[in-house]
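Participant: Below is the structure I would like to discuss, written out as structure tokens.
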Amino acid sequence: LPSHTCGTPGVIPNGVIHGSRYNMGDKIRYSCESGFVLEGHSILTCIVSPGSGAQWDFPSPFCRAEGACGGTLRGTAGSITSPGFPAEYDNNLDCTWSILSEPGDTIALVFNDFLLEDKYDFLEISGTEAPSIWLTGTTLPSPVISNKNWLRIHFTSDSNHRRKGFSAQYQGTNQIMQMDEKSRRE
């Protein structure tokens, strides 16, 4: 039987969760401690999800230190680059970006440039079928397609050897509209 509860969305480091009900229709709100900025949606709603019962409409946000790299990207299309691109990125970076689209949408991420220090600097992408995709080195990655309405991109660099970094374009796609158009053509 499908679940009618989303379960706890989880505590976030340097953040506070407001609300303790996790059933369909319930909302919770996140905020950050002083000196931190909330990235992502501050309010999550427990919604009906086809096939799995209930789920939160967006991933839990995160709190990043004021002035740190990363951020939240919204909209149907845009670009994302490593800090300083096309110049070399700095050492000891820890950056997280969230790309958010509307519920029911998916996101395509297509890389234009990719040059990281192999086996030491990494780009981790979550929000796909796989638990996470880990990228490193100089091979241009294949396009990444989300299976949710969000992608989270986490970039880390070690304490030596800097490279050019990465550049990618993202595009949101409405799955429901695509299915409607396909069924009209059939």
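Nothing in this text is a laboratory measurement; each read-out follows from the coordinates by a stated rule. This is a predicted model, so every value here is computed, not measured.
Participant: What shape does region 60-105 have by the C-alpha gyration tensor, where a ≥ b ≥ c are the square roots of the eigenvalues, rounded means a/c under 1.5, and otherwise prolate means a/b greater than b/c and oblate the rest?
Facilitator: Cα axes put region 60-105 in the oblate bin.
Participant: Any idea how far the Cα center of region 115-173 sits from the one of region 8-46, in Å?
Facilitator: 26
Participant: Same structure, new question: State the extension gain, in nm to one decimal, for the chain segment bounded by T8 and S142, taking 0.36 nm per residue of separation less the distance between their alpha-carbons. Each step should come with its number before you reach the end.
Facilitator: On the way: separation 134, 0.36 × 134 = 48.24 nm, distance 3.38 nm.
Residue separation times 0.36 nm, minus the Cα-Cα distance, leaves 44.9 nm.
Participant: To the nearest 10 degrees, how steep is helix 175-185 against the longest Cα principal axis of the chain, on a 0 to 90 scale?
Facilitator: 70
Participant: Relative to the present Cα-Cα distance, how much length would full extension add between A65 and N23 at 0.36 nm per residue of separation? Display every interim value, and only then the final one.
Facilitator: Working: separation 42, 0.36 × 42 = 15.12 nm, distance 3.14 nm.
Contour length minus Cα-Cα distance gives 12.0 nm.
Participant: So if each residue of separation counts as 0.36 nm, and I subtract the Cα-Cα distance between D94 and K119, what length gain in nm does that give?
Facilitator: Working: separation 25, 0.36 × 25 = 9.00 nm, distance 1.56 nm.
Taking D94 through K119 to full extension adds about 7.4 nm, to one decimal.
Participant: Also: Within the P(r) computed for the chain, what percentage of the Cα pairs occupies the region above 22 Å? Don't skip to the end; give the middle numbers.
Facilitator: Working: 8959 of 17205 pairs.
When all Cα pairs of the chain are counted, 52 percent exceed 22 Å.
Participant: Moving on. Please pull out the direction-averaged projected area of region 1-66, using the convex hull of its alpha-carbon atoms, in nm² to one decimal place. It would help to have the intermediate numbers written out before the result.
Facilitator: Numbers: hull surface 16.4 nm².
Averaging across all directions leaves 4.1 nm² for the Cα convex hull.
Participant: Then there is this: Antiparallel as a % of all DSSP beta bridges within region 1-115, to the nearest 5? Can you show the working numbers first?
Facilitator: Numbers: 16 of 21 bridges.
Taking every DSSP beta bridge within region 1-115, about 75 percent pair in antiparallel fashion.
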